[in-house]
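Okay, so here's the structure we're looking at.
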Amino acid sequence: MSDEIHNIEISLLSMEDYSELKAAMITSYPTIADSYWKEKQVKTLIDKFPEGQVTVKVNGRIAGCVLSIVVLSELFDKNHTYKEITGNYTFKTHNSEGDVLYGIDVFVLPEFRGLRLGRRLYDYRKELCENLNLSRIVFGGRIPNYHEYADQITPRQYIERVKNKEIHDPVLNFQMSNDFHPIRVLKGYLEGDEASNEFAVLLEWDNIYYEKVEKVEKQLIPDKRVAKLGLVQWQMRPYNSLDELMQQVEYFIDALSGYRCDFALFPEFFNAPLMAAFNHLSESDAIKELAQYTETIAQAFSRLSISYNINIITGSMPELRDGVLYNVGYLCKRNGEVESFEKLHVTPDEVKVWGMKGGNKIQTFETDAGKIGVLICYDVEFPELGRILADEGLEILFVPFLTDTQNGFSRVRNCAQARAVENECYVAIAGSVGNLPKVHNMDIQYAQSMVFTPCDFSFPTNGIKAEATPNTEMILIVDVDLDLLKELHNHGAVRNLKDRRVDLFSLIRKK
């Protein structure tokens, strides 16, 4: 299914979705009679608490849904049933002055499972809980495999064995892996749930940011203003096949996704080890052979971005178009969109050895975690490019690079830091380390991946937010606050963007 995905979006449920929602619920709960909400009930939920009713859509189709209400904590301090917590399915228990987000339903259609859409829905609930300043999320979780063990162990023993990985329960395992912890066993919770013997586990997620104060203003599906960056400092090593290389790629993406990163950044020409198979050819012919992998790799990255719910900057790869070799990369968004970027300034070595040509595309990209730009390696050494992107509202500049010596690295590093200061943005650079003795023109690499900031009172005094260990394979994970940039633009000690003498000079972009 992921091969056909063009778009994934989280959106508020509307009554126009009802027919599709009903069919989706019937498909998702085949063992439960009358397993769908009636139209009147869904309308009541939307009217009472619109921001609590959310779908995830794939290519415009409903793939999953969460339904929620807000309740007072005393309603579930004791044993309760699903019928009681929902007010006999009327949702009169919803209270806008309550302190707990109670999960009424969550499901993902079977054909879309494996894309981690459930985690997206859970993450939405967590953000909603924080934005509404609610103390926690609570819901009764089914234990659909319990009927297989009911004559041997109690529900409490079953939960302990699931926690100890002695029994696999797909629902309970998923919930606990998303930071929900069991509070108690609920008996007779969901009428007709024979697979769980009508037992459920009351699960809870605590909002560590909760403050017992007057209600804050409600906010629907907010723009994320703190972005978590994941930089891959990639070790060049021999790979026997493309599959083997992509296994290593997925390993890093899995790790960064586990830390809830919004972006994963790979280096320039990270796939160069595959050229070892063409070492018998000239350098220019070898890299043209490498270019044959680019489309396949880009498609694989797009699938991974969707599956692991992370925006991926793929680094760069050679691409052959009409017999001309370019250095290109891709922004694979977690909603399924894919956009490309190009290296505009190719180095003298790239021209001489590979016959590479510079591209013409320069632009910013809108993402769900800020407006970004990408400059490949040598491009960051040309200040005009960063300024053009800054004029378009750039917040984070990503720089995938490949340098063989410390001299080359220093050029990229120092210019990248300058771009952060002069354009009042964050700059993240990621490179490769290690040696490739069996690949001509790619034998040694030197890198230290880093994240730079402007130099002002809200940022580190040296303008370095974080840095990796030089020449060591690792990941670097960094949180950057985008709201600080807005503050800097307007109230910084110096204002590089606002104070430009445009009466004396200007930057003209040719169409």
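The values are calculated or read from the model by the stated rules, or taken from the named source; none is laboratory data. On a predicted model such as this, the values are computed, not experimentally measured, just so you know. Note that we place each Cβ from the backbone using ideal geometry, even for glycine, and neighbour counts take in every protein chain shown.
Collect the residues in segment 118-158 that are among the β-branched types (Val, Ile, Thr) and either farther than 23 Å from Asp206 by Cα or surrounded by fewer than 17 Cβ atoms within 10 Å (Cβ to Cβ) (or both), keeping them in residue-number order. Break it down into steps so the answer makes sense when it comes.
Applying the first criterion (among the β-branched types (Val, Ile, Thr)) to segment 118-158 yields 137-138, 143, 153-154.
Matches in segment 118-158: Ile153, Thr154.
Got at least one residue in segment 147-157 being in the same structural domain as Ser196 (by TED's automatic domain parsing) and either part of a strand (DSSP E or B) or within 25 Å of the chain's Cα centre (by Cα) (or both)? Checking segment 147-157: not a single residue is in the same structural domain as Ser196 (by TED's automatic domain parsing) and either part of a strand (DSSP E or B) or within 25 Å of the chain's Cα centre (by Cα) (or both). Listed by position, the strands (runs of 3 or more DSSP E) enclosed by segment 273-373 include none that has at least 3 residues that are of a type in the set (Asp, Glu) and not assigned by TED's automatic domain parsing to the domain that holds Arg116.
The rows are residues; the columns are (1) free of Cβ contacts under 8 Å to residues at least 40 places away in the same chain; (2) out of contact with any Leu (no Cβ under 7 Å at 6 or more places or on another chain); (3) under 30 Å from Gln299 (Cα atoms); (4) in the same structural domain as Phe91 (by TED's automatic domain parsing).
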site	(1), (2), (3), (4)
Ala23	yes, yes, no, yes
Thr55	no, no, yes, yes
Val58	no, yes, yes, yes
Ile62	no, no, yes, yes
Val70	no, no, no, yes
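Scanning segment 359-369 for residues that are crowded, with 17+ Cβ neighbours inside 10 Å and more than 16 Å from Ser305 (Cβ to Cβ) returns Gly359, Ile362, Thr364. Pairing residues of segment 426-437 that are not assigned by TED's automatic domain parsing to the domain that holds Gly386 with residues that are β-branched (Val, Ile, Thr) and modelled with pLDDT of 95 or more, at Cβ distances under 8 Å and at least 6 apart in sequence or on separate chains, gives no pairs at all. Pairing each residue of segment 236-250 that is under 17 Å from Met442 (Cα atoms) with any residue that is in a loop (DSSP other than H, G, I, E, B), provided the two are 6+ apart or on different chains, yields C-beta distances under 7 Å for Met236/Leu436; Pro238/Lys438; Leu245/Tyr239; Leu245/Asn271. Under the condition of being over 21 Å from Glu366 (Cα atoms), crowded, with 16+ Cβ neighbours inside 10 Å and in contact with a Lys or Arg (Cβ under 9 Å, 6 or more places away or on another chain), the residues counted in segment 257-271 number 1.
Only residues that are in a helix (DSSP H, G or I), touching a strand residue (DSSP E or B) at 6+ places or on another chain (Cβ under 9 Å) and closer than 29 Å to Asp99 by Cα were counted in segment 177-208, giving 1.
Would segment 105-127 turn up any residue that is of a type in the set (A, V, I, L, M), part of a strand (DSSP E or B) and within 19 Å of the chain's Cα centre (by Cα)? Looking through segment 105-127, at least one residue is of a type in the set (A, V, I, L, M), part of a strand (DSSP E or B) and within 19 Å of the chain's Cα centre (by Cα). What number of residues in segment 160-176 are assigned to a loop (DSSP other than H, G, I, E, B) and either among the hydrophobic types (A, V, I, L, M, F, W, C) or not assigned by TED's automatic domain parsing to the domain that holds Ile137 (or both)? Total meeting the criteria: 1. Within segment 286-323, track down each residue that is among the β-branched types (Val, Ile, Thr) and more than 26 Å from Asp262 (Cβ to Cβ). Once the filter is applied, which keeps residues that are among the β-branched types (Val, Ile, Thr) and more than 26 Å from Asp262 (Cβ to Cβ), segment 286-323 yields only Ile287. Among the residues of segment 448-470, those that are closer than 21 Å to Leu256 by Cβ and surrounded by 17 or more Cβ atoms within 10 Å (Cβ to Cβ) comprise Gln448, Ser449, Met450, Val451, Phe452, Thr453, Lys465, Ala466, Ala468.
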